[in-house]
Amino acid sequence: MKARAQLSPRQSTKLTPQLQLALKLLQCTQTELEQEIENALAANPMLERVEADTETTALNDAPAEFAGEGPDVEDVHAETDFPHTAAPEAEESLWDALPEPKTLRSHLGEQLQLSALSRRDLAIGEALIDSLDEDGYCQAGAEDLRTASALVPPANDAEIEAVRHLIQRFDPVGVASRSLSECLQVQLTQIAADPDLLTLATDIAMRHLDVLARGGAAAVAKAGGFDPLRTAEAVALLKTLDPKPGALFQHSRTEYVEPDFAIVAQRNGWQVHSLRDAGQHLRLNAYYLKLTRNSRGADAAHLAQYLQEARWLIAGIASRRDTLLKVVKAVVRKQTPFLDSGPAALQAMSMREIAESIGLHESTVSRACSGKWLATPHGMLELGSLFGSGITDDSGTVQAAGAVQTQIAALIAAETAGKPLSDAKLEQLLTDRGLPVARRTIAKYREALGIPPSHLRKKPQ
């Protein structure tokens, strides 16, 4: 068979470099955007930051092919009229004033000082706390603790164990244990649950953890001669405990999330305030712009490249700002009942619905929502968390999954301690309210809320 060449027309989409940059900037969080700006300022002499009190129309220098991608800086501010009410310096000082997060040792040390202990026991307690590893376990032997406490006469084993048992009941419960088995047993003593269930769970923690790790609840029931159903309940209870009580304090500093927009109630409705624009307005440096016009040859080509990249970045940031504002405003319009009444009124909402309402592609809305946060009257929420499917009630209204979860949480919060609501009972109560929800869906929502099943919520009266 003879080979031959053949031409066939085919359409394909190819993003220009400036559109690729615009999409990248849109998906950036505010922290990532600030880093992109810092990197650009350091690498491109054509760029400079606009001071807070300086008016600019940086997009006037944007290339023609970008003219339709977003408004200029003046248009953005004219449309939103949402000034930042706090000066950047005041915000920085506020964050800088936040205290350093507690370490495990400082947290336990405060509790130790509040305990009515003798100086001798305090010295032993300090030595014990200093010996804990990152997970909160005590790996030091009695001899090491005697040396560390530096007491005269030296602390005996009984004194060390008495103080260690006291620290095990500190918050978080189970610290200073010498093994996982001991840690779980201590936590079980602090739980209000069915006594027989606690006894079985304690027995498993004491003698059968290795069997549980290898074969699960069924293997434990067979090895110990326990009832399979009760064993499964006891294992479920053990899974609610913390095997590493000190792990919560491992991070040296808490990462704080700052909102990108604030949703504020005004006389004419809910208003969107942009909180993070300060320092993100760029313009072309007049000196280098003049130098570009007067240069020739290789220097001119080099400066022209800088100029092009600077214009793309300025246009991309402005386009990002405009797109984010459109998306957030559309979300606020849809979620007005939520803002008015709280989580129970959260509306079912899809990204396609928002995209169609503002004339954007669904993928653009998805990028815009990535890593963006809103300060609302009901707390700080990730923008993407307001999207989700819903359940149709008897009136034909679609209720968002978050609203259904809120109703489930409210019902459980009001239940009788000695007679918690089962998933079947929750299904019946929601149906009576005109909201038919399958029992499996209720179980999924309950687990998403971190609420254990009814038999683990039961408390002795």
Q) What is the one condition in (1) more than 36 Å from the chain's Cα centre (by Cα); (2) closer than 29 Å to Gly418 by Cα that Gly141 does not satisfy? A) (2)
Q: Could you tell me which of the residues Val175, Val186, Val163 is at pLDDT 90 or above, assigned to a loop (DSSP other than H, G, I, E, B) and crowded, with 17+ Cβ neighbours inside 10 Å?
A: Val175
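If you scan the stretch 413-458, which residues turn out to be part of a loop (DSSP other than H, G, I, E, B), of a type in the set (D, E, K, R) and either in contact with a Phe, Trp or Tyr (Cβ under 8 Å, 6 or more places away or on another chain) or loosely packed, with under 14 Cβ neighbours inside 10 Å (or both)?
Looking only at the stretch 413-458, we keep the residues that are part of a loop (DSSP other than H, G, I, E, B), and these are 414-415, 417-418, 420-422, 433-438, 449-453, 458.
Narrowing the set further to residues that are of a type in the set (D, E, K, R) leaves 415, 433, 458.
Arg433, the sole residue that qualifies.
In this structure, does Leu303 turn out to be modelled with pLDDT of 90 or more and more than 24 Å from the chain's Cα centre (by Cα)?
On the way: modelled with pLDDT of 90 or more: no; more than 24 Å from the chain's Cα centre (by Cα): yes.
Here the answer is no, as Leu303 does not meet what is asked.
The values are calculated or read from the model by the stated rules, or taken from the named source; none is laboratory data. Note that the coordinates shown come from a computational prediction; the quantities given were computed from them, not determined experimentally. In this analysis, Cβ positions are derived from the backbone assuming ideal geometry, glycine residues included, and neighbour counts consider all displayed protein chains.
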